[in-house]
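Engineer: Just passing along the structure, written as structure tokens.
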Amino acid sequence: MIDEDSPIIDFYPEDFQIDMNGKKMAWQGVALLPFIDQTRLLAALKSKEDELTDDEKRRNRWGDNVMFVGESNKLYETLCGLYSLKPATAVSCPRSSSYFFN
């Protein structure tokens, strides 16, 4: 992003306009940034994949969707009913009396 020799440095301008659209504070405005070329961006990312650690590579993969629901949640009974057909997907959590749905 800041390397002068980066093939995508133009995607990260140091100065850019902010569209205030009636807002009073700059942080409320919309940053007007250039559109990026997806092909160039993906090629630049691909060229750096070998430099990632195993942990970084793991974090870049899609994982499981997880939802925690406590007994006080109004959807608790509904979700327990939906997932009770698959006992292996609901695991009791004794500390919080909630279920982990995977």
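Any read-out appearing in this document is the output of simple, stated calculations on the displayed coordinates, not a laboratory observation. This is a predicted model, so every value here is computed, not measured. Here the Cβ positions follow ideal geometry from the backbone for every residue, glycine too, while neighbour counts run over all protein chains shown.
Engineer: Collect residues whose amide H, placed 1.01 Å from N in the peptide plane, falls under 5 Å from the amide H of residue 69; neighbours closer than 5 in sequence don't count.
Structural biologist: 99, 101
Engineer: What chymotrypsin sites (Phe, Trp or Tyr not before Pro) in region 1-90 are in a loop by DSSP, with at most 15 other Cβ atoms within 10 Å of the Cβ?
Structural biologist: Values: sites: 11, 16, 27, 35, 62, 68, 76, 83; in loops: 16, 35, 62.
In loop regions of region 1-90 (DSSP not H, G, I, E or B), the sparsely surrounded chymotrypsin sites (Phe, Trp or Tyr not before Pro) are 16, 35, 62.
Engineer: Taking the Cα-to-Cβ direction at residue 61 and at residue 3 and moving 7 Å from each Cα, how far apart do the two end points lie in nm?
Structural biologist: With each label placed 7 Å out from Cα toward Cβ, I get 2.6 nm.
Engineer: Among the lysines, select those whose C-alpha is under 25 Å from the C-alpha of residue 74, and discard any that sit fewer than 8 residues away in the same chain.
Structural biologist: 86
Engineer: If you don't mind, another one. Length gain on complete extension for the stretch residue 51 to residue 71, per 0.36 nm per residue less the alpha carbon to alpha carbon distance? Before the final figure, lay out each step's value.
Structural biologist: Numbers: separation 20, 0.36 × 20 = 7.20 nm, distance 4.46 nm.
Here the answer is 2.7 nm.
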